[in-house]
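This report concerns only the one structure given below.
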Amino acid sequence: MTLSPTAAEALCITGDPRSGKTGALVERAAAWAEAAPASPNTQPPFLFFCASPVTIDDAALRLSQRGLADAPAEAAGPAESAACQHGPRTGLCTGLVTTPFDYACRILADPLAQRATGRGGRVLSQAEEAVFYEDLKTCGLKRRRLRELWAFLQCGLANLGDSDPDWIQTTEEQAVLDLARSILIFEEAVLPGEAVNLAVRALEAEPALRQRFGSPVVLADDYLLMSRASQHLVNLLATDKIAIAGSEDDILPAFEPYPCTTGFEEFEAAHAPLQRVTLETPFHPLDRAWEAAPDLASEMGLIACAIAEELTCGTDPRVIAVVGTNRIWRTNLQRALASVGIPATSLGHPALKAPKGNLAPVSDDERERILGQLYRSASQPADPSDPLAANPNNAGTHNAPAAFSPAGDPVAWRQWLSFDDALGRSAAVSELRRIAQPQGLNLAEALAALDADALPGLPATSPFTQSLLTPYREAQRLLAKRSGNDQPTIVTSPAAAANRARESSSSSKADTALSLANLTETRENDAAATPTSPAPAVAIAAPEDLFGHTFDVVIFGGFVNGFIPSRDMCDPGVIVGGARVRQEATDRDTIALAEQRATRRLLFTSFESCDLETAERLRLHIPRIRLRNGVRTCDIEPSSYLQELNLGPKQISGPTDQRHPSA
């Protein structure tokens, strides 16, 4: 699918990381905004797109410092109209700083977009998407095959592959895609991975949407870290001028899991003539060093001492980061730092990643949250100003809840049904969908009709019926108790359900409000935190978490064979061919990202030995095992990448040593 440009002037800014691309993009935004004539239309004067929510605040701050005062940062995708919220334009009216995903949610909240796509509802949260994936398993495919097919379909949606009539090649692929769409329509839901795709389709189908949501000036930072769908969305929204910036060396995904690395070539082919600006990276002196400890505990003590020295010299804890590729190692380090009085916190980052594995255990707080969401969605239309409706820990969404439905929120009902028996309920919901969907009912309406024994095709004696009605009636009892009367809050009348279905069918569910749910547990925890400022703490992060952040001191711990490179990479016979080349490139990009995020000091640390049990649990590369004081102790070598950094010693034992199966 090729770009369809609408902008008359295009600019492409390229350069290495930390070469000043964002600053140049901000300067161009200011220049274009100043030159643009005042217009009474409702379009925002400019749209500034970031590849990740992490960089939104920094971009908004830079714009405000440049005179575009109080540029609102949209990191949660509010569902209200995209019309300019700043009144008549006087001087430099502020634009909007957001991500393509958040702005796509804003577009999909428009009834015109919902009619164009035939889809309504709200974007699923991470927990809700995990339940959706459980329902997808009812297709009958083996789990590994299903994961492969679903990853292929998600990648295709992110890259607009569905525009190619030959995209789907097998009946298995088509069956899984059809089942996914059927589930989402039945539950009135939108997957995070398809939101931008749907927004692009809506903009292409309805020119009025482009007029309503577009802007005369559009800018996009870290362009190559966006998916092809996001890149097309950015181009479709530009009505006069567009500028993009990025590094051609960007490979590690920041927020979207399937970035389009050919974005610059497609942009250049679509926009002619094109202005190109290439920036050079200024020299930044960086103190790089490597230190080794005799064992794992000593390495963590070494890191604690390095941090303590920095704190003693007056370094702010917030500009110190410890990076590790292994999650267990990072958890143990955080405990070790806490034991010596050094505050540390996990950095984390939002990402549009599909869930993997089985559902997580459900806590009582989660049940109460879902019950509260059902109560609010069924009892009265939600008030966007209500803090309970806006709090993701209460409503399950970060912005306006779904439109009022007398039967309740279908997504919340599906969450409630997943408790206690996720596998059995997936089969029961699948049977309910087979019978109710042709009648025009969504999940909430179908449950109401089933409870009233008014759903032909699913008798009350069916085990599926009992599996669904037991939790449904328990929820009604709890909702009635909460409402303070003896009548159920949820409408169970079959006539009401049928009327609701007819109304929904006639309007194509155009009045369903789309809301953006939380993407990661990190965002949920941040929203649940107290409003008081947290105490300064050292950041502990995976390498990919460093994107969008800069630290004076970065400590890359656990820099050993088995962590980076991984254990399988240490054996030339396990990962071979192109997969090995790609993994080596990813490892080098991981190290380069740590170097780019450090401004003053970069310290690599490693350990030389650990016991066999720990080495196996951490999946370390084990070249040799020795018996020391009655304990099987493994020799651990520093990462082979140290030689490329001109820091480490030459490896004394090769990865093909056969003294241990992992070698």
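The values are calculated or read from the model by the stated rules, or taken from the named source; none is laboratory data. In this text the structure is predicted, and so the values were computed from the model without any measurement. Cβ: placed from backbone, ideal geometry, glycine included. Neighbour counts: every protein chain shown.
May I ask you to verify whether residue 229 is in contact with a strand residue (DSSP E or B) (Cβ under 7 Å, 6 or more places away or on another chain) and buried (at least 23 other Cβ atoms within 10 Å of the Cβ)? Spell out the reasoning first.
Values: in contact with a strand residue (DSSP E or B) (Cβ under 7 Å, 6 or more places away or on another chain): no; buried (at least 23 other Cβ atoms within 10 Å of the Cβ): yes.
In short, no.
Just one of the numbered conditions (1) in contact (Cβ under 8 Å) with a residue 60 or more places away in the chain; (2) outside any strand (DSSP E or B); (3) not aromatic (Phe, Trp, Tyr) is not true of residue 178; which one?
Here residue 178 clears every test but (1).
In segment 275-303, what residues are in a loop (DSSP other than H, G, I, E, B), over 30 Å from residue 232 (Cα atoms) and touching a Ser or Thr at 6+ places or on another chain (Cβ under 6 Å)?
Residues of segment 275-303 that are in a loop (DSSP other than H, G, I, E, B), as a first pass: 280-286, 294-295.
Subsequent filtering for residues that are over 30 Å from residue 232 (Cα atoms) retains 282-286, 294-295.
Passing the criteria: only 295.
Condition first: under 30 Å from the mean Cα position of the chain (by Cα), hydroxyl-bearing (Ser, Thr, Tyr) and crowded, with 20+ Cβ neighbours inside 10 Å. Can you find one or more residues in segment 597-604 that meet it?
The answer is no, given that none of the residues of segment 597-604 is under 30 Å from the mean Cα position of the chain (by Cα), hydroxyl-bearing (Ser, Thr, Tyr) and crowded, with 20+ Cβ neighbours inside 10 Å.
Let me confirm something: among 428, 448, 452, 422, which residue is within 21 Å of residue 181 (Cβ to Cβ) and either at pLDDT 90 or above or among the hydrophobic types (A, V, I, L, M, F, W, C) (or both)?
Details: 448 fails: within 21 Å of residue 181 (Cβ to Cβ); 452 fails: within 21 Å of residue 181 (Cβ to Cβ); 422 fails: within 21 Å of residue 181 (Cβ to Cβ).
Step by step, each of 428, 448, 452, 422 is checked, and only 428 is within 21 Å of residue 181 (Cβ to Cβ) and either at pLDDT 90 or above or among the hydrophobic types (A, V, I, L, M, F, W, C) (or both).
Here is a yes/no grid of residues against (1) within 23 Å of the chain's Cα centre (by Cα); (2) of a type in the set (D, E, K, R); (3) assigned by TED's automatic domain parsing to the domain that holds residue 59:
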residue	(1), (2), (3)
552	no, yes, no
564	no, no, no
570	no, no, no
573	no, no, no
590	yes, no, no
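Can you say whether residue 208 is in the same structural domain as residue 229 (by TED's automatic domain parsing), of a type outside the set (Val, Ile, Thr), in a helix (DSSP H, G or I) and crowded, with 24+ Cβ neighbours inside 10 Å, as far as the supplied structure shows? Before you say what the answer is, go through the steps one by one.
Numbers: in the same structural domain as residue 229 (by TED's automatic domain parsing): yes; of a type outside the set (Val, Ile, Thr): yes; in a helix (DSSP H, G or I): yes; crowded, with 24+ Cβ neighbours inside 10 Å: no.
No; evaluated as a whole, the condition is false for this residue.
Please list, ordered by first then second residue, the pairs with beta carbon atoms under 6 Å, 6 or more apart or interchain, first in segment 127-147 and in contact (Cβ under 8 Å) with a residue 60 or more places away in the chain and of a type outside the set (S, T, N, Q), second buried (at least 17 other Cβ atoms within 10 Å of the Cβ) and part of a loop (DSSP other than H, G, I, E, B).
Close Cβ pairs satisfying both conditions: 129/355; 130/355; 133/355.
Yes or no, residue by residue, for (1) touching a Leu at 6+ places or on another chain (Cβ under 6 Å); (2) modelled with pLDDT of 75 or more; (3) β-branched (Val, Ile, Thr); (4) surrounded by fewer than 22 Cβ atoms within 10 Å (Cβ to Cβ):
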position: 338; (1), (2), (3), (4): no, yes, no, yes
position: 345; (1), (2), (3), (4): no, yes, yes, yes
position: 354; (1), (2), (3), (4): no, no, no, yes
position: 366; (1), (2), (3), (4): no, yes, no, yes
position: 377; (1), (2), (3), (4): no, yes, no, no
position: 391; (1), (2), (3), (4): no, no, no, yes
position: 406; (1), (2), (3), (4): no, no, no, yes
position: 413; (1), (2), (3), (4): yes, yes, no, no
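All but one of (1) surrounded by fewer than 19 Cβ atoms within 10 Å (Cβ to Cβ); (2) of a type outside the set (Phe, Trp, Tyr); (3) under 34 Å from the mean Cα position of the chain (by Cα) hold for residue 426, so report the exception by its number.
For residue 426, the failing item is (1).
Among the listed residues 213, 255, which satisfies the condition of being in the same structural domain as residue 58 (by TED's automatic domain parsing), touching a residue at least 60 places away in the same chain (Cβ under 8 Å), more than 14 Å from residue 51 (Cβ to Cβ) and out of contact with any Pro (no Cβ under 6 Å at 6 or more places or on another chain)?
Details: 255 fails: more than 14 Å from residue 51 (Cβ to Cβ).
Matching residue, one of 213, 255: 213.
Just checking, does segment 280-295 include any residue being hydroxyl-bearing (Ser, Thr, Tyr) and in contact with a helix residue (DSSP H, G or I) (Cβ under 9 Å, 6 or more places away or on another chain)? Reasoning before the result, please.
Taking segment 280-295 first, the residues hydroxyl-bearing (Ser, Thr, Tyr) are 281.
The next check asks that each one be in contact with a helix residue (DSSP H, G or I) (Cβ under 9 Å, 6 or more places away or on another chain); those that pass are none.
The answer is no, given that none of the residues of segment 280-295 is hydroxyl-bearing (Ser, Thr, Tyr) and in contact with a helix residue (DSSP H, G or I) (Cβ under 9 Å, 6 or more places away or on another chain).
Restricting the search to segment 272-324, which residues are within 30 Å of residue 249 (Cα to Cα) and among the hydroxyl-bearing types (Ser, Thr, Tyr)?
Within segment 272-324, 278, 281 qualify.
For (1) closer than 23 Å to residue 96 by Cα; (2) aliphatic (A, V, I, L, M); (3) modelled with pLDDT under 90; (4) assigned to a helix (DSSP H, G or I), each residue gets a yes or a no:
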site: 230; (1), (2), (3), (4): yes, no, no, yes
site: 234; (1), (2), (3), (4): yes, yes, no, yes
site: 250; (1), (2), (3), (4): no, no, yes, no
site: 261; (1), (2), (3), (4): no, no, yes, no
site: 273; (1), (2), (3), (4): no, no, yes, no
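Could you look through segment 605-630, keep only residues that are polar (S, T, N, Q) and more than 22 Å from residue 643 (Cβ to Cβ), and pick out the one that is nearest to the chain's Cα centre (by Cα)?
In the first step, residues of segment 605-630 are kept if they are polar (S, T, N, Q); the result is 605-606, 609, 614, 629.
From the residues that got through so far, the ones that are more than 22 Å from residue 643 (Cβ to Cβ) too are 614, 629.
Values: 614: 32, 629: 48 Å.
My answer is 614.
Would you confirm, using the coordinates I've provided, whether residue 184 is in a helix (DSSP H, G or I) and in contact (Cβ under 8 Å) with a residue 12 or more places away in the chain?
Values: in a helix (DSSP H, G or I): yes; in contact (Cβ under 8 Å) with a residue 12 or more places away in the chain: yes.
The answer is yes for residue 184.
Sort through 462, 493, 504 and tell me the only one that's under 22 Å from residue 114 (Cα atoms) and either assigned by TED's automatic domain parsing to the domain that holds residue 178 or at pLDDT 70 or above (or both).
Numbers: 462 fails: under 22 Å from residue 114 (Cα atoms); 493 fails: under 22 Å from residue 114 (Cα atoms).
Selected residue: 504, the only one of 462, 493, 504 that is under 22 Å from residue 114 (Cα atoms) and either assigned by TED's automatic domain parsing to the domain that holds residue 178 or at pLDDT 70 or above (or both).
Name every residue in segment 630-661 that is modelled with pLDDT of 85 or more, surrounded by fewer than 19 Cβ atoms within 10 Å (Cβ to Cβ) and part of a loop (DSSP other than H, G, I, E, B), in order of residue number.
630, 645
From the set of residues in segment 201-221 that are among the aliphatic types (A, V, I, L, M) and over 19 Å from the mean Cα position of the chain (by Cα), which is nearest to residue 254 (Cα to Cα)?
Step one: of segment 201-221, the residues among the aliphatic types (A, V, I, L, M) are 202-203, 205, 208-209, 217-220.
Then keep just the ones that are over 19 Å from the mean Cα position of the chain (by Cα); that gives 202-203, 205, 208-209, 217-219.
Numbers: 202: 26, 203: 25, 205: 30, 208: 32, 209: 28, 217: 24, 218: 21, 219: 18 Å.
Within segment 201-221, the match that is nearest to residue 254 (Cα to Cα) is 219.
Can we say residue 324 is modelled with pLDDT of 90 or more, of a type outside the set (Ser, Thr, Tyr) and more than 32 Å from the chain's Cα centre (by Cα)?
Details: modelled with pLDDT of 90 or more: yes; of a type outside the set (Ser, Thr, Tyr): yes; more than 32 Å from the chain's Cα centre (by Cα): no.
Here the answer is no, as residue 324 does not meet what is asked.
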